[in-house]
Amino acid sequence: MSAKNPVVDDYMAEGCGRCDKVGTPECKVNTWRDGLVALRKVVLDTPLKEERKWGSPCYTLNGHNVVMIGAFKTNYVLSFMKGALLKDEHHLLVAPGENTQSGRVIRFTDAARVVELAPVLKSYILEAIEVEKAGLRVDFKKMEDYALPFELQQAMDADAALKDAFEALTPGRQRSYILHIGSAKQAKTREARVEKCRDKIFDGKGFNEY
């Protein structure tokens, strides 16, 4: 069984600290505290090291992130960094977003459900540990597998500087714009998104960077 880390004790008591509701009844950690505590107990009954990253409990093996615990407005989750590689025999894992390739989560709204599933959750975590030990990696889609939105291609064809700036971005940053712009259903919206993204592209930033 792993040792508790005081920084996660602080998380359970006060919250992640990433918004002004920390330490208040409105904090999402406060809303789901019983379930989060139950999840923590399950994870601590494994060889993973308890840490805190991005404000939330993170459990690592030899410095590599394996699982995390997180609280949201409508639920709380046990996240598996390489969940796409797990067998998921009980069909519990879901992708947190439609474009998520590696991570998978199990969502909860009831602490009793965590207690009920504790043996299964532990088996998933132990499998995730074996995946990490084996050095397995998710086969991510390559940039050439993504279709460039017509409106973005059109803008780059008309502006060589924009094309050069976009091509200078890292693959991950390029992907963030492709997904953001391409997710709009109407051409007018896609065109507007291209214009709004210009400055960030020239600054060498991804869509989600500030």
**OP:** Please order Glu51, Glu26 by the number of other Cβ within 10 Å, starting at the fewest.
**Re:** Glu26, Glu51
Original post:
With a sphere of radius 10 Å drawn around the Cβ of Ser176, what net charge do the other residues whose Cβ falls strictly inside it have (Lys, Arg +1; Asp, Glu -1)?
Top reply: +3
**OP:** Output ³J(HN,Hα) for the stretch 16-24: one whole-Hz value per residue in order, computed from phi by the Karplus curve 6.51 cos²θ - 1.76 cosθ + 1.60 with θ = phi - 60°, and x for Gly and Pro.
**Re:** 6, x, 8, 9, 7, 8, 4, x, 10
Original post:
What nm value, rounded to one decimal, do you get for the distance between Arg198 and Val120 when each label is placed 7 Å out toward the C-beta?
Top reply: 5.2 nm
Subject >> Residue list for the stretch 68-93, given a label point 7 angstrom along the Cα-to-Cβ vector of Asp139 and an amide N cut-off under 17 Å >> reply: 83-87
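With loop defined by DSSP as not H, G, I, E or B, and exposure as at most 14 other Cβ atoms within 10 Å, which is the longest segment of the chain clear of exposed trypsin sites (Lys or Arg not before Pro)?
19-72
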**OP:** For the stretch 68-77, take each phi angle, set θ = phi - 60°, evaluate the Karplus expression 6.51 cos²θ - 1.76 cosθ + 1.60, and give the result in whole Hz per residue in order, putting x for glycine and proline.
**Re:** 9, 10, x, 10, 10, 5, 9, 6, 10, 9
Original post:
How are the Cα pair distances of the stretch 143-202 distributed, in percent, across 5 Å bins from 0?
Top reply: 4, 20, 34, 29, 12, 1
Original post:
Does the stretch 1-109 come out rounded, prolate or oblate, given a ≥ b ≥ c as the square roots of the eigenvalues of its C-alpha gyration tensor, rounded meaning a/c under 1.5 and, failing that, prolate meaning a/b above b/c?
Top reply: oblate
Original post:
In percent, how large is the relative contact order of the stretch 143-202, given Cα pairs closer than 8 Å and 6 or more residues apart?
Top reply: 44 percent
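Quick test of the membrane-span-like rule: which DSSP H helices of the chain reach at least 24 Å along their long axis (C-alpha atoms) with mean Kyte hydropathy at least 0.5?
Answer set is 111-133.
Multiplying the sequence separation of Ala3 and Val37 by 0.36 nm and subtracting their Cα-Cα distance, what value in nm do you get?
10.8 nm
Coordinate-derived values only; no laboratory data. Since this is a predicted model, take the numbers as computed values, not measurements. FYI the Cβ positions are ideal-geometry reconstructions off the backbone, even for glycines, and counts take in every protein chain you see.
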